[in-house]
Amino acid sequence: MLQSSLRALSRSCSRRSLYTLPELPYSYDALEPVVNREIMEIHHSKHHNTYVTNLNNVVPKLEAAVEAKDISTVMACQRDMVFNAGGHINHSIFWHNLSPNGGGVPDGALGDAISSTFSSFDKFKAEMSAAAIGVQGSGWAWLGVDPNTKRLGIAKCANQDPLLATTGLVPLLGFDVWEHAYYLQYKNVRPEYVGKIWDIVNWEDVAERYQGVLGK
């Protein structure tokens, strides 16, 4: 059983194409004054790019370890895969969750679901903000939806742990609260950063993700 599982994992890795850094849907300075150009450029071109580079580097190492039936190396590579793949997944969502034309309050099915689940948008905003501010160390706060019940939920994930794999919730809206996302502008005042990021939330993108789950 173990050997067949390892062979299947190896074939999956062999078929995997290289991951690439996605382009931002706006310029580096487009989210100012909420997030300045320097942060966006470093966050995207350095941090996200590092996750992509490391992910591409670990795939052949994992493939070789599977082929050699080197369980210790497979486990080490899997840890690297979770961290770097999570970083790539999370940031690829995050960039589109933000927009220079964002902010406001969602309407339609998403707005109704938020009101139904959290009683009001203001209560949702307070709960989501508290989750983001309360992340210990580095991590993310997420609004997600259960693909089976279609119910919304808020969750915190440590480091770069991806929401779906960690909680079973499909990610809709994520707040990155790693210090590299805000420190150059907000220093150690995470609550100020979290309070301002609501002004650039791209509710159209969040609603599209929600509709995508409802349609399944």
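Of all positions in segment 67-76, at least one carries a residue that is exposed (fewer than 14 other Cβ atoms within 10 Å of the Cβ), assigned to a helix (DSSP H, G or I) and among the small types (Gly, Ala, Ser).
Taken over segment 189-216, the criterion of being among the aliphatic types (A, V, I, L, M), under 18 Å from residue 33 (Cα atoms) and open to solvent by less than 30 Å² (accessible area, probe 1.4 Å) is satisfied by 194, 197, 200, 201.
Is segment 49-56 home to any residue that is under 24 Å from the mean Cα position of the chain (by Cα), under 25 Å from residue 204 (Cβ atoms) and modelled with pLDDT of 60 or more? There is no residue in segment 49-56 that is under 24 Å from the mean Cα position of the chain (by Cα), under 25 Å from residue 204 (Cβ atoms) and modelled with pLDDT of 60 or more.
Is it true that some residue in segment 45-55 is crowded, with 16+ Cβ neighbours inside 10 Å and in contact with a strand residue (DSSP E or B) (Cβ under 8 Å, 6 or more places away or on another chain)? No, segment 45-55 has no match at all. Annotation: of all residues in segment 1-35 being of a type outside the set (Gly, Ala, Ser), open to solvent by less than 40 Å² (accessible area, probe 1.4 Å) and at pLDDT below 50, the one that is nearest to residue 198 (Cα to Cα) is 13.
For residue 138, the criteria (1) among the small types (Gly, Ala, Ser); (2) in contact with a strand residue (DSSP E or B) (Cβ under 7 Å, 6 or more places away or on another chain); (3) closer than 23 Å to residue 84 by Cα hold in every case but one, which is (2).
Checked against (1) under 14 Å from the mean Cα position of the chain (by Cα); (2) modelled with pLDDT of 95 or more, residue 187 passes all but condition (1). How about segment 43-91: which of its residues are out of contact with any Gly (no Cβ under 9 Å at 6 or more places or on another chain) and polar (S, T, N, Q)? 45, 49, 53, 56, 57, 72, 73, 78, 84 - these are the residues of segment 43-91 that are out of contact with any Gly (no Cβ under 9 Å at 6 or more places or on another chain) and polar (S, T, N, Q).
Filtered by the rule that a residue be closer than 12 Å to residue 86 by Cβ and small (Gly, Ala, Ser), segment 141-170 gives 158, 165. Here 89, 154, 71 are screened, and the one residue that is β-branched (Val, Ile, Thr) and touching a residue at least 60 places away in the same chain (Cβ under 8 Å) is 89.
Every condition in (1) aliphatic (A, V, I, L, M); (2) modelled with pLDDT of 95 or more; (3) over 30 Å from residue 197 (Cα atoms) is met by residue 68 except one, and the failing one is (2).
The values are calculated or read from the model by the stated rules, or taken from the named source; none is laboratory data. Keep in mind it's a predicted model, so treat the numbers as computed, not measured. Counting neighbours? That spans all protein chains shown, and the Cβs are built from the backbone with ideal geometry, glycine included. These accessible areas exclude ligands, DNA and RNA; they are computed on the full protein's heavy atoms, side chains included. Shrake-Rupley method; radii C 1.70, N 1.55, O 1.52, S 1.80 Å.
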